[in-house]
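Here the structure is laid out as structure tokens; the discussion comes afterwards.
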Amino acid sequence: MKTYKIALLAFGHFLVDLQGIYLIHTQYQNYDFINIALFFIVYNVIAFGFQPLFGYIADKHQWYFIYVIGGLLLPLIALQMVGFGIIAIIISTIGNAMYHVGGGVLSVDLYPKKAAPAGIFVAPGALGVFLGGYLAVQSGSYVLQISMVTLLIGVILFITLKSHQMNHYVQPIKNNFMIVIALIFGVVFIRGMIGSILIFSWKNDELLILLLVSSVFFGKLFGGILGDKFGFKKVGIGGLVLSLPLLLLGYSNTVLGLLGAFSFNLTMAITLFLIIDTLGKYKGFAFGLTTLALLFSYLPSAFGFSLALGYIYYVLMVMFVLVGAFLLNKSIDLKQS
């Protein structure tokens with residue numbers, strides 16, 4: 001039953017991200033580039049930047065179930081308001097932030113001492129983002145189909161989770177928790193920066209992009225599972241270090257690039273679990289802190305920062321990976337001390 005609940009919550013995450021990205025992309029033919037860029041910035045600022053606030057409120061009132069149902073339905077409502085532009089985007093992103101917090105905490109709550117649920121819950125979001133963008137550029141509208149699936153999953157989640165009792169296991173907060181949080185925040189920020197500057201010459205058609213998204217998906221999915229089994233250092237730090245040559249050589253080699261994307265994303269579930277476990281009962285707030293770090297790493301690219309392949313690109317990639325590995329190693333040591 002626990003695995004079934006996590007699978008449902010993960011599929012809901014897939015739908016929430018699909019709806020939000022589909023909504024934004026359907027604006028393309030109606031607005032100019034400046035407005036489209038604004039929509040993406042607003043979407044990311046609210047969906048990622050406001051999650052710590054939403055998480056703190058959920059922690060104080062134990063509103064995780066409410067956040068799951070409301071977070072699934074708000075993007076659905078926004079999808080019916082596509083003609084309202086920025087208003088629909090804001091409604092969708094509020095739901096996105098709510099669902100991430102509620103679904104993330106309930107998933108981790110089912111197996112509170114394991115990192116696997118964090119990865120299983122988060123991973124489908126990458127597929128949702130891809131499919132939302134893909135469907136938006138196809139001929140015809142998919143609003144009805146998306147809406148029907150979302151309503152069905154919403155009803156199933158409501159029935160399945162309405163009687164869920166929160167696990168009261170809480171890891172005691174240690175005196176060094178601020179240092180651990182800062183270190184993990186740094187790891188997540190660096191991971192986001194690497195993702196924003198990463199270059200692949202072969203990423204030029206839908207099939208190859210789907211394969212890349214699938215590598216990201218499986219990396220996030222298996223990071224926590226493998227970390228629980230073999231240890232966070234071996235999987236997290238090992239995956240991060242291994243990803244460096246694979247990502248650099250993967251610029252022109254598809255297979256190496258896909259393997260690099262898989263290895264690179266193994267850290268996601270591990271860092272998410274570490275920060276959630278560090279903050280005790282404030283699991284929703286902890287979940288939101290990781291997305292806030294991703295928002296900060298996203299902003300430079302949102303305002304046009306990019307790199308061409310060359311000396312600076314290689315130096316930054318090496319520097320980011322080594323610093324990320326050091327911070328992750330230090331955070332795991334402090335967490336276990």
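The values are calculated or read from the model by the stated rules, or taken from the named source; none is laboratory data. Worth saying up front: this structure is predicted, and the values here are computed from it rather than measured. Counting neighbours? That spans all protein chains shown, and the Cβs are built from the backbone with ideal geometry, glycine included.
What to note about this one:
- Unmet criterion (only one of (1) touching a residue at least 24 places away in the same chain (Cβ under 8 Å); (2) touching a Phe, Trp or Tyr at 6+ places or on another chain (Cβ under 9 Å)) for K330: (2)
- Criterion: aliphatic (A, V, I, L, M), at pLDDT 95 or above and either in contact with a Gly (Cβ under 6 Å, 6 or more places away or on another chain) or surrounded by 21 or more Cβ atoms within 10 Å (Cβ to Cβ) (or both) - qualifying residue of A293, A261, A286: A261
- Some residue of the range 148-166 being at pLDDT 90 or above and farther than 20 Å from M98 by Cβ: yes
- Restricted to helices (runs of 4 or more DSSP H) entirely inside the range 194-287, those with at least 3 residues that are touching a helix residue (DSSP H, G or I) at 6+ places or on another chain (Cβ under 8 Å) and of a type in the set (D, E, K, R) are 206-230.
- Any hit, the range 235-245, residues being farther than 24 Å from I199 by Cβ, more than 21 Å from the chain's Cα centre (by Cα) and not small (G, A, S): no
- Considering M268, M319, the condition of being among the hydrophobic types (A, V, I, L, M, F, W, C) and either closer than 25 Å to F40 by Cα or outside the structural domain of F232 (by TED's automatic domain parsing) (or both) is satisfied by M268 alone.
- Taking the listed residues Q145, Q138, the one that is modelled with pLDDT of 90 or more, outside the structural domain of L316 (by TED's automatic domain parsing) and surrounded by fewer than 18 Cβ atoms within 10 Å (Cβ to Cβ) is Q145, with no other qualifying.
- Criterion violated by I209 - all others in (1) of a type outside the set (S, T, N, Q); (2) modelled with pLDDT of 90 or more; (3) under 14 Å from the mean Cα position of the chain (by Cα) satisfied: (3)
- Any chance G125 is out of contact with any Leu (no Cβ under 8 Å at 6 or more places or on another chain) and of a type outside the set (D, E): yes
- From the options I77, I89, residue that is of a type in the set (A, V, I, L, M, F, W, C) and modelled with pLDDT of 90 or more: I77
- Residue in the range 41-51 that is modelled with pLDDT of 90 or more and either in a helix (DSSP H, G or I) or surrounded by 15 or more Cβ atoms within 10 Å (Cβ to Cβ) (or both) present: yes
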